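Trainee: Below: one structure in structure tokens.
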Amino acid sequence: MPVHNSEVAAIFRQVADLLAIEGANPFRVRAYRNAARTVEELSSDLAVMVASGEDLSRLPDIGHDLAGKIAEIVETGRLKLLDDLRGEVPEAVAQITGVPGVGPKRARALMEALGVASMDDLRKAAEDGRIADVPGFGEKLQARILREIEEGRITERRFRIDRAEEFAESILDFIRGIEGVKEALVAGSYRRRKETVGDLDILVTAKKGAKVTKAALDYDEIARVASQGPTRATVLLRSGLQVDIRVVREESYGAALMYFTGSKAHNIVLRRRAQAKGLKLNEYGLFRGKKRVAGKTEEEVYKALGLPWIVPELREDRGELAAAERGKLPDLVSLEDMKGDLHVHTTASDGTATIEEMAEAAKALGYEYLAIADHSPSQRIANGLSVERLAEHLDAIDAVNDRLKGIRLLKASEVDVLEDGSLDYPDKVLARLDLVVAAVHSQFTLPEEKQTARILKALDNPHVGILAHPTGRLIGERGAYSVNLEKVFEAATERGVALEINAHPMRLDLDDLEARIARDMGAQIAISTDAHSTGGLDYMSYGVAQARRGWLTREDVLNTRGLDAMLGLLRKR
Ligand code: DGT
Ligand code: CA
Ligand code: CA
């Protein structure tokens, strides 16, 4: 998905904040703030400008250096300078600059005077009354900081699952290379495949724990070691991501894996269950008195508790224990079940690959079908297709279909839902398509009643087959728009419109809970990547994980079906 101007602006603002905390030259700080404003107020799309080779340094407040930084963000989705700064300034410190009356100078004083490195440090310092003693603070500001923490306005930064995955793969590679290491994997929310993770919990088995924890500290992405001991270490990566490393013995591996996979809520229910059987469950094993009755594998521990193994995605205390007990755990949808992707873009609108390239890539994934769904005219910024261009585009899809064997391309479009709920192409154009994916891309701030009515009206259009990213949220950036989802789910179910789990890790929309509710109401779910490149097709795994967290089975998901069955289920026009 192309980087938006607002994301570039947000990155520049964060850089300015962190530079200010570090006490950088005020002119440099101001340059980033001014650039953020320029970028935000710009009427054209930076991604498009970079792609067409425009000279960004001609923009007001943007010199060569900043132009290069914009290109870096647009091309890679991130800025190395920001990653580095995040490694230097603890997140807790960065966040208190937002508390009225604190600001960068005081935040820096706090970091230096008290050595605050984590949210825990900050909370403890406030609770112990040490913040009040730092020059410039006092009791009042201390109380205010504590309140901000307690009310959740100062929180740990969370990382999108795909970003976390890059960092995880890399450090796992390193740890697996350490002498004496047998197994190494990431537990925690990462293993439960949550859409964001607070930190990585790495579990390692080895005989000589102390040697391993020490060797792990040589990993060159580590910015700071927060704590270390013979069997555990907590480090901060340069990206700002915290990693907890724990080394356990093989006989405890299963119990430790269960404990550190969590969730905490799941663990608590399990521990109670153990107690009811006169057993004690902890990260070292399942014990009767001093005797370990299980612990080497998760299966063994669950079994000793009278339960089948429960997949990590379900371990949220959302009914999985009761279901396990009754032998009614759902047979969850898996990546291998997916037979096609129903929402992808090409160079015709804002994708980077041609129809043919996308088709070849989908074929290589073993898909039976692929819906080419480029943007409609209102998406000017994304080069949406006019009626004339669409006609040519559909002919081009036909031509590829004729040439290419082994996969069927569907003529589709991601059609904007306009403010009044009508669609961005006339009905007779929509009628030419195999599939219409309706999407809201504008007017996010309509009041709930209007937004709901708008979407319901779009669902009334008999050509609509799928409702794309139904809430519009962008993880870490923008919340869902106000809409009565229950009404949307009900209408979609009635009309036979499938609801999308958009698999892009920035969207994951519907999310796990929403998808579960929609399915329970009888709706079909389509898991689609919204890929804008051949690589984007791989996002399917995140969508499937979200579906699994939502208890979805293969039958609940439209595109686990073969072409004919899938088309048969799509709404009859
Ligand atoms: P995160 O990191 O915020 O995305 O979420 P988690 O689930 O990875 O949480 P984290 O890293 O604080 O702890 C990892 C696991 O360790 C957690 O899922 C369950 C376990 N755990 C942590 N603290 C407790 C606790 O106080 N009681 C119990 N029963 N388990 C805990
Ligand atoms: Ca964690
Ligand atoms: Ca942790």
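Trainee: If the viscosity is 1.306 mPa s and the temperature 10 °C, what Stokes-Einstein diffusion coefficient in µm²/s follows for the stretch 159-248 when Rh is the Kirkwood radius over Cα pairs?
Mentor: Estimated via Stokes-Einstein, D reaches 124 µm²/s.
Trainee: I would also like to ask the following. Hey, could you grab the Kirkwood Rh for the stretch 457-573? Inverse mean 1/r over distinct alpha carbon pairs, Å, one decimal.
Mentor: Mean inverse Cα-Cα distance, inverted, gives 14.2 Å.
Trainee: Still on this structure, please answer the following. With the alpha-carbon atoms as the only input, what is the per residue convex hull volume for the chain in Å³?
Mentor: So the per-residue hull volume is 175 Å³.
Trainee: Along each of its three principal axes, how wide is the spread of alpha-carbon positions in the stretch 255-325, in whole angstrom units, largest first?
Mentor: For the stretch 255-325, the Cα spread along each principal axis is 32, 21, 18 Å.
Trainee: Could you give the accessible area per residue of the stretch 42-113, probe 1.4 Å, as a whole number in Å²?
Mentor: Each residue of the stretch 42-113 exposes 48 Å² on average to a 1.4 Å probe.
Trainee: So what is log10(I(q)/I(0)) for the stretch 200-241 at q = 0.21, 0.32 1/Å, when the Debye sum runs over its Cα atoms only?
Mentor: -0.65, -1.25
Trainee: With a 1.4 Å probe and every protein chain kept in, tell me what percent of the accessible surface of the chain is carbon plus sulfur.
Mentor: C and S atoms contribute 49 percent here.
Trainee: Taking the simple approach of a point 7 Å from Cα along Cα-to-Cβ for both residue 363 and residue 486, what is their distance in nm?
Mentor: A separation of 4.8 nm, rounded to one decimal place.
Trainee: On a 1.4 Å probe surface of the protein chains, which of 302, 259 comes out largest in accessible area, and what is the full order?
Mentor: Working: 302 0, 259 90 Å².
The ranking, largest first, comes out as 259, 302.
Trainee: Multiplying the sequence separation of residue 153 and residue 166 by 0.36 nm and subtracting their Cα-Cα distance, what value in nm do you get? Don't skip to the end; give the middle numbers.
Mentor: On the way: separation 13, 0.36 × 13 = 4.68 nm, distance 2.79 nm.
Gain in length upon complete extension: 1.9 nm.
Trainee: Full extension from residue 443 to residue 30: what is 0.36 nm times the residue separation minus their Cα-Cα distance, to one decimal in nm?
Mentor: Between residue 443 and residue 30, full extension yields an extra 145.5 nm.
Trainee: Of 444, 12, which has the most accessible area and how do the rest follow, probe 1.4 Å?
Mentor: Ranked from most to least accessible, the order is 444, 12.
Trainee: For the stretch 335-571, what does the relative contact order come out to in percent, with C-alpha contacts under 8 Å and a separation of six or more?
Mentor: 20 percent
Trainee: To one decimal place, what orientation-averaged projected area in nm² is obtained for the convex hull of the Cα set of the stretch 335-571? Display every interim value, and only then the final one.
Mentor: Working: hull surface 44.1 nm².
Over all viewing directions, the stretch 335-571 projects a mean Cα-hull area of 11.0 nm².
Trainee: Tally Lys and Arg at +1 and Asp and Glu at -1 over the other residues with C-beta under 12 Å from the C-beta of residue 166: what net charge comes out? Before the final figure, lay out the partial values.
Mentor: Working: positive: 78, 160, 163; negative: 83, 162, 165, 169, 173, 221.
With Lys, Arg at +1 and Asp, Glu at -1, the neighbours total -3.
Trainee: Viscosity 1.002 mPa s, temperature 20 °C: give me the Stokes-Einstein translational D for the stretch 5-150 in µm²/s, with Rh taken as the Kirkwood radius over C-alpha pairs.
Mentor: Details: Rh = 16.5 Å.
Rounded, D is 130 µm²/s.
Trainee: Along Cα→Cβ, 7 Å out, is where each label goes; now give me the distance between the ones at residue 398 and residue 112 in nm to one decimal.
Mentor: 7.2 nm
Trainee: Take 234, 352 and sort them by solvent-accessible surface of the protein heavy atoms, 1.4 Å probe, largest at the top.
Mentor: Sorted by accessible area, descending: 352, 234.
Trainee: Excluding residues on the same chain fewer than 8 positions from residue 450, give the lysines whose Cα lies under 26 Å from its Cα.
Mentor: Of all the lysines, those that pass the test against residue 450 - Cα under 26 Å, at least 8 places apart if same chain - are 487.
Trainee: Further question: Too long at a 26 Å Cα-Cα cut-off: which of 303/328; 207/290; 328/363; 124/264?
Mentor: 328/363
Trainee: Once you place label points 7 Å from the Cα toward the Cβ at residue 323 and residue 422, how far apart are they in nm?
Mentor: 4.4 nm
Trainee: Just the accessible area per residue of the stretch 255-325, please: how many Å² with a 1.4 Å probe?
Mentor: For the stretch 255-325, the per-residue accessible area is 49 Å².
Trainee: What figure, in Å² to the nearest 10, do you get for the accessible area of residue 313 with a 1.4 Å probe and non-protein molecules left out?
Mentor: 20 Å²
Trainee: Before anything else, pin down the relative contact order of the chain: Cα pairs under 8 Å, at least 6 apart, normalised by residue count, whole percent.
Mentor: Taking the mean separation of contacting Cα pairs over the length of the chain, I get 9 percent.
The values are calculated or read from the model by the stated rules, or taken from the named source; none is laboratory data. Remember, predicted model here, so these are calculated numbers, not experimental data. Here Cβ is always computed from backbone atoms with ideal geometry, including for glycine, and neighbour counts include all displayed protein chains. For accessibility, only protein heavy atoms count, side chains too; no ligands or nucleic acids. Shrake-Rupley method; radii C 1.70, N 1.55, O 1.52, S 1.80 Å.
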